[in-house]
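Novice: What follows is a single structure, and I will ask about it in a moment.
The values are calculated or read from the model by the stated rules, or taken from the named source; none is laboratory data. All values derive from a computational prediction rather than experimental measurement. Methodologically, a virtual Cβ is constructed for each residue, glycine included, from the backbone with ideal geometry; neighbour enumeration extends over all protein chains shown.
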Amino acid sequence: MVSSAPVTLVGGGPVSGTALAAALRLAPRLVAADGGADRLLAAGHRPEAVIGDMDSISPGAREVLSDRLIEVSEQETTDFDKALRHIEAPLVLALGMRGGRLDHELAALSVLAARPDRPCVLLGEEYLACLCPPELRMDLPEGSELSLFPLAPCRCESDGLLWPTAGLDFAIGGRIGTSNAVTGPVWLKPDRPAMLLILPQVALEGLVRALPASPAWPSAAPAR
């Protein structure tokens, strides 16, 4: 699926009406990842496409949306990965990928690292997360929470943070960058596609404005 506008992608996990409405205001094109089709139909929405291996979508939803199914039969990746790699858009806002389970959330974060060329924000009820692009500039209110978390060893230059990060080595099991705070206009420049950016939900609109204007990472994983 190719879109010149941002896309809202909904999975099978819990999604509140408030969160979905907020996403659609910013990313008006609507796509489901497999079982997310049932969740959208129940909420009165018809996605433009349903992408996945179709092992979670109900027979009823499959029949209603039969002309919109993009079936990806392999079982080596999650439906989130399947959907993200089949969407070409300036930005994807993904909901319902976490499902209230730690293993699902870790799998979703792994997809962000595997698909750095696909700008994507994972939305929760209180916090959002994305893979930091090669360079990001955005304005946030002074004192806003901002966390950085390395998905692999990396460095990240920065400005506008209470605790500067330039010259620091980050790694899981080593130094991480959580619980930082904003002191002015934020500038982030990681040295590789491995730094997760975590922000409060209220930062969504500012992040959506900033990400499409940022350079993109090249693809790190082969298409399947």
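Novice: Taking the condition more than 11 Å from the chain's Cα centre (by Cα), at pLDDT 95 or above, more than 23 Å from Gly174 (Cβ to Cβ) and in a loop (DSSP other than H, G, I, E, B), does Glu142 pass?
Specialist: Answer is yes for this residue.
Novice: Something else about it: Could you check the stretch 1-66 for helices (runs of 4 or more DSSP H) lying wholly inside it with 2 or more residues that are in contact with a strand residue (DSSP E or B) (Cβ under 6 Å, 6 or more places away or on another chain) and at pLDDT 95 or above? It would help to see each step written out before you state the result.
Specialist: Details: elements: 17-26, 36-42, 59-64.
Because the criterion is at least 2 residues that are in contact with a strand residue (DSSP E or B) (Cβ under 6 Å, 6 or more places away or on another chain) and at pLDDT 95 or above, the helices (runs of 4 or more DSSP H) in the stretch 1-66 that meet it are 17-26, 36-42.
Novice: Also, quick follow-up: If you take the residues in the stretch 1-39 that are hydrophobic (A, V, I, L, M, F, W, C), under 11 Å from Leu93 (Cα atoms) and free of Cβ contacts under 8 Å to residues at least 24 places away in the same chain, which one is surrounded by the fewest Cβ atoms within 10 Å (Cβ to Cβ)?
Specialist: Only one residue tops the list, namely Leu24.
Novice: Can you name every residue in the stretch 143-187 that is under 25 Å from Ser110 (Cβ atoms), free of Cβ contacts under 8 Å to residues at least 40 places away in the same chain and hydrophobic (A, V, I, L, M, F, W, C)?
Specialist: Within the stretch 143-187, Cys156, Leu168, Phe170, Ala171, Ile172, Ile176 meet the criteria.
Novice: Name every residue in the stretch 114-135 that is modelled with pLDDT of 95 or more, in contact with a Lys or Arg (Cβ under 8 Å, 6 or more places away or on another chain) and either small (Gly, Ala, Ser) or surrounded by fewer than 21 Cβ atoms within 10 Å (Cβ to Cβ) (or both), in order of residue number.
Specialist: Across the stretch 114-135, the qualifying residues are Pro134, Glu135.
Novice: Determine which single condition Ser179 fails, assuming it passes every other condition in (1) of a type outside the set (A, V, I, L, M, F, W, C); (2) touching a Cys at 6+ places or on another chain (Cβ under 7 Å); (3) assigned to a strand (DSSP E or B).
Specialist: Of everything listed in (1) of a type outside the set (A, V, I, L, M, F, W, C); (2) touching a Cys at 6+ places or on another chain (Cβ under 7 Å); (3) assigned to a strand (DSSP E or B), Ser179 misses just condition (2).
Novice: When you look at Val111, is it surrounded by 23 or more Cβ atoms within 10 Å (Cβ to Cβ) and either out of contact with any helix residue (DSSP H, G or I) (no Cβ under 6 Å at 6 or more places or on another chain) or not small (Gly, Ala, Ser) (or both), yes or no?
Specialist: Yes, satisfied.
Novice: Might you check whether a residue that is under 30 Å from Val72 (Cα atoms) and crowded, with 16+ Cβ neighbours inside 10 Å occurs anywhere in the stretch 171-192?
Specialist: yes
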